[in-house]
Amino acid sequence: MSAPGTGSHMRRGRWRGWVLDVTGGLVLLYLFLPIFVIVLYSFNRPEGKFNFVWKSFSLDAWRDPFKYAPLVDAMKLSLKVASISTLVATLFGTMIALALCRYKFRGSGAVGLLLVLPLTTPEVVLGSSLLSLFLDLNAHMGFATIVIAHIMFSVSYVALTVRARIRGFDWTLEEAAMDLGATPLRVITKVTLPLIAPGIVAAAMLSFALSLDDFIITLFNSGSEVTYPLYVYGARRAAFPPQINVLATTILVSSLLLLGVTVLWQQRRLRQALVSPGP
Amino acid sequence: MAGTAAGGARRNPLAPYLLMAPGILWLVVFFVVPIVTLFHTSIAGEGAPWWDGYARTFTAYGSFILRSFRFSLFATLVALLLGYPLAYVMAFRSGRFKNFLLGLVILPFFTTFLVRTFAWKTMLNDGGPIVGTLVWLHLLPPDGRLLNTNWAVIGGLTYNFLPFMILPIYVSLEKIDRRLTEAAQDLYSSPGRAFRRVIFPLSLPGVFAGSLLTFIPASGDFINAELLGSPNQRMIGTVIQNQFLQVHDYPLAAALSFVLMTIISIAVIAYARVLGTEELA
């Protein structure tokens, strides 16, 4: 991997490579440190209400993860919001991506710009401008406004992710299937969807994670509803139980499992495609 | 909708518009229109001239805006200095561990942003392991602290947006044709020069995207400043949030938000000119 060349260059190249690897490793460590702390502190028995100082090892929080009803309710609300917004955003975003990849039409440049703009606008502006709309409309702030906001910022991510994954596909496969007598419905289920499925799954996972994690935009549009991140934010004043860490660790582990399963599924699809080409 | 997705609809000139309609409509109604209402709110104060919110933004809150940009610029620079080497190692030196490293970099996304920031609070606490070590090394005075300092807030911002810096740089490095780097090494013979003359210029689109994806969210963020800083580190996001949700001074809050957005847009365009990259997407 390091530079070939004369002896002195080789030695310098190796030295340089070593420095690079160590720097990269330290940066990874920096990325990891807080995650390690989150998992570790889920096993803490804190003194008092705030789980910020290490006291002693305990499994209490893991034995009773649902001890605090408001925390459980907040988690439930977050999962509900994430499910609905992911479903809608994935559908809408995939449709935009398909339109952009498969058709040449006037205004596609403007659509591309419209998709990027929400990503280059600070969340505090997205949240506050949406709030000013809801205030103008005298809308009731709550579950519906949270879902509306989450769909808004997820659609762009989904459309851009799916578009990146399906660019350059061979769409003549669809026409071939039609020529061979497949009905439009059969073309979609047997050709189109299997082709774009991995991109859609990746986008949906991203959308779900973004929704579950969103704090700033939600804060502006939640009314009196409390999602998981809002609960955590409020917890800094009242009490910060280790159950928050237990839930965070659970989310981490289940996302990793889900990611593992998806990777295995895609590898299997790839193997199948290699063994038997065609739909 | 189902029918339009099939190949046969290709001949229908309306098909792409129908396919996009729901998503685009959603973005127009809940992203574009709100920006317009935000501006309208900012100039609709009662019993005051239309520019009152803007005047107060610059007289009373200019320092918060400046601080926000200073902190996020600093965080972006640190993230670039930390993220580039890791992206380089991932792209050129990781061999079969490439996907594993990629997984490690996106791992922080799977734990809630807020809980991660609280973890930093735990680590930086007075009497915590990091402060203890620094005091022991005489890098901090015995009564020194990290929490509630500029360093804590900048460190938190850097940490939270670092993956957004690493991933675009990694993607642009990954795209570079290996034959090009080999040829450069053959011709220039020094790896340092090959990096400066070939690899780094080719990775600029990634640096550009990564810097924006770090700088923009960092400048609007208020969680790091709130959790890791004191009122002396307060950023503009806190002020906007506070004016909108607690004080209910909507014209001022909207003006603050609008000014933040405008300055960022100008900065993005200027940055794009400097780097010569016109493509954002």
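Separation between the B:LEU102 and A:LYS67 pseudo-spin-labels, each 7 Å from Cα along Cα→Cβ, expressed in nm?
4.1 nm
Normalised by the number of residues in chain A, what is the relative contact order in percent for Cα pairs under 8 Å and 6+ residues apart?
29 percent
Pick out the long, greasy-scoring helices in chain A: whole DSSP H runs spanning 30 Å or more along their own axis by Cα, mean Kyte-Doolittle at least -0.5.
Membrane-span-like by this criterion, though nothing is claimed about a membrane: A:7-41, A:69-102, A:143-166, A:243-275.
Which one of B:MET235, B:MET90, B:MET123 has the biggest mean-square fluctuation once chain B is modelled by GNM with Cα springs under 10 Å?
Highest fluctuation of the listed residues: B:MET123.
At a 10 angstrom cut-off on C-beta neighbours, averaged per residue, how do the peptides B:63-74, A:142-153, A:262-273 rank from highest to lowest?
So the order, starting with the most tightly packed, is A:142-153, B:63-74, A:262-273.
Mind checking which helices in chain B clear 27 Å along their axis (Cα) and have mean Kyte-Doolittle hydropathy of -1.0 or more, DSSP H runs only?
Passing helices, by number: B:62-88, B:150-175, B:250-275.
Need one word for the stretch A:94-182: rounded, prolate or oblate. Basis is the Cα gyration tensor (sqrt eigenvalues a ≥ b ≥ c); a/c below 1.5 gives rounded, then a/b vs b/c decides.
Note, shape of the stretch A:94-182 comes out prolate.
Please average, across the residues of A:112-123, the number of beta carbons from any other chain that are within 10 Å of each residue's own beta carbon, and give a whole number.
Whole-number average of other-chain Cβ neighbours for A:112-123 is 6.
Evaluate peptide B:236-248: per residue, the Cβ atoms of other protein chains within 10 Å of its Cβ; return the mean as an integer. Don't skip to the end; give the middle numbers.
Details: counts 2, 7, 1, 1, 7, 6, 0, 1, 8, 6, 0, 0, 1.
What the average comes to for B:236-248 is 3.
Which of A:THR183, A:THR250, A:THR94 ends up with the largest GNM mean-square fluctuation for chain A, with Cα atoms connected below 10 Å?
A:THR183
How many Cβ atoms of partner chains, on average, are near each residue of A:174-181 if near means within 10 Å of its Cβ? Write down the numbers at each step before the final one.
Values: counts 5, 4, 1, 2, 3, 1, 0, 0.
Taking the mean over all residues of the peptide, I get 2.
Restricting to DSSP H runs of at least four residues, report the calculated mean residue ellipticity at 222 nm for chain B, -39500 (n - 2.57) per run over all residues, nearest 500 deg cm²/dmol.
The helix-only estimate for chain B comes to -21000 deg cm²/dmol at 222 nm.
Counting Lys +1, Arg +1, Asp -1, Glu -1, what net charge surrounds A:THR94 among other residues with beta carbon under 15 Å of its beta carbon?
+4
With a/c under 1.5 counting as rounded, go ahead and sort chain A into rounded, prolate or oblate using the C-alpha gyration tensor (a ≥ b ≥ c being the square roots of the eigenvalues; past the cut-off, prolate if a/b is larger than b/c, else oblate).
It comes out oblate by the Cα gyration axes.
Determine the sum of side-chain charges near A:PHE52: Lys and Arg each +1, Asp and Glu each -1, restricted to other residues whose C-beta is under 12 angstrom from that of A:PHE52.
Spelling it out: positives minus negatives among the neighbours equals +2.
Put a dot 7 Å past each Cα toward the Cβ at A:ARG186 and B:ILE269; how far apart are the dots in nm?
Result: 5.4 nm between the two label points.
All of the numbers you see were taken from the coordinates with simple rules; none came from a lab. Keep in mind that what you see is a predicted model, and the values were worked out from it rather than measured. Note that each Cβ is placed from the backbone with ideal geometry, even for glycine, and that neighbours are counted across all protein chains shown.
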